[in-house]
């Protein structure tokens with residue numbers, strides 16, 4: 001589990017947190033740039049498009065650009081000559097409500113074949129009702145599937161700031177949604193990082209929430225088995 005102060009939140013984008021419309025506009029522009037760069041490198045090759053809808057854990061908060069797990073995923077796909085484009089539409093500080101609100105536009109814009117939903121941590125750190133988080137994840141999953149995309153839910157765990165029962169039920173809801181909606185699942189994005197028995201704090205920035213760059217290869221390894229199964233030429 002992640003060691004955080006009782007009142008900590010995943011930090012929003014500096015200067016933009018109060019203005020969601022502006023943040024979403026910036027995220028859209030960034031994702032367009034990613035798609036344009038991928039197309040320039042491999043014109044016509046990437047018929048599969050992976051849309052990442054996440055929060056600061058996927059948006060490279062506090063680390064150098066290009067060192068986060070999503071960038072490492074792009075690199076690994078290129079090294080293994082797996083033709084797939086990656087669109088990172090993650091926004092630091094986002095919740096499942098925010099992701100749900102912007103997903104329709106992202107699906108229409110990018111027409112992804114695969115969608116990774118990495119959201120929920122900020123819901124828990126703010127003590128939002130679990131039923132609300134669950135409903136948002138279900139709605140996002142169904143919207144992506146109706147758009148023709150396969151879905152991966154990425155699970156998260158949080159400290160018992162709001163009680164052990166809340167933390168336990170929060171961790172379990174990702175598997176519950178994945179089972180009910182028949183999606184792929186990564187049970188815990190920060191496995192091997194936040195639960196490192198040797199010294200979990202060495203993997204985190206001073207806020208004890210956001211992983212350092214050295215942790216992101218481990219994070220990618222947690223997601224990679226699904227990505228490989230999805231995207232490799234012999235994958236189902």
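A single member of 213, 165 is farther than 17 Å from residue 140 by Cα and more than 17 Å from the chain's Cα centre (by Cα), and it is 165. Scanning the range 143-155 for residues that are free of Cβ contacts under 8 Å to residues at least 40 places away in the same chain and touching a helix residue (DSSP H, G or I) at 6+ places or on another chain (Cβ under 7 Å), which turns out nearest to residue 194 (Cα to Cα)? Among those that are free of Cβ contacts under 8 Å to residues at least 40 places away in the same chain and touching a helix residue (DSSP H, G or I) at 6+ places or on another chain (Cβ under 7 Å), it is 155.
Residue 194 satisfies every condition listed in (1) in a helix (DSSP H, G or I); (2) in contact (Cβ under 8 Å) with a residue 24 or more places away in the chain except (1). Among residues of the range 52-81 being in a loop (DSSP other than H, G, I, E, B) and under 14 Å from residue 220 (Cβ atoms), the one that is nearest to the chain's Cα centre (by Cα) is 58. Condition first: touching a helix residue (DSSP H, G or I) at 6+ places or on another chain (Cβ under 9 Å), crowded, with 17+ Cβ neighbours inside 10 Å and over 19 Å from residue 66 (Cα atoms). Now tell me which residues in the range 193-226 satisfy that. Of everything in the range 193-226, those that are touching a helix residue (DSSP H, G or I) at 6+ places or on another chain (Cβ under 9 Å), crowded, with 17+ Cβ neighbours inside 10 Å and over 19 Å from residue 66 (Cα atoms) turn out to be 193, 194, 209. Within this structure, residue 175 passes the test of being farther than 30 Å from residue 66 by Cβ, touching a strand residue (DSSP E or B) at 6+ places or on another chain (Cβ under 9 Å) and free of Cβ contacts under 8 Å to residues at least 40 places away in the same chain.
Among the helices (runs of 4 or more DSSP H) confined to the range 83-171, the ones with at least 1 residues that are in contact with a strand residue (DSSP E or B) (Cβ under 8 Å, 6 or more places away or on another chain) and surrounded by fewer than 16 Cβ atoms within 10 Å (Cβ to Cβ) are located at 130-146.
Among the residues making up the range 197-206, a single one is closer than 21 Å to residue 155 by Cβ, at pLDDT below 95 and not in a helix (DSSP H, G or I): 197.
The values are calculated or read from the model by the stated rules, or taken from the named source; none is laboratory data. Only a predicted model underlies this, so the values are computations on that prediction, with no experimental measurement involved. Quick reminder, even Gly has a Cβ in these numbers, built from the backbone with ideal geometry, and neighbours come from all protein chains shown.
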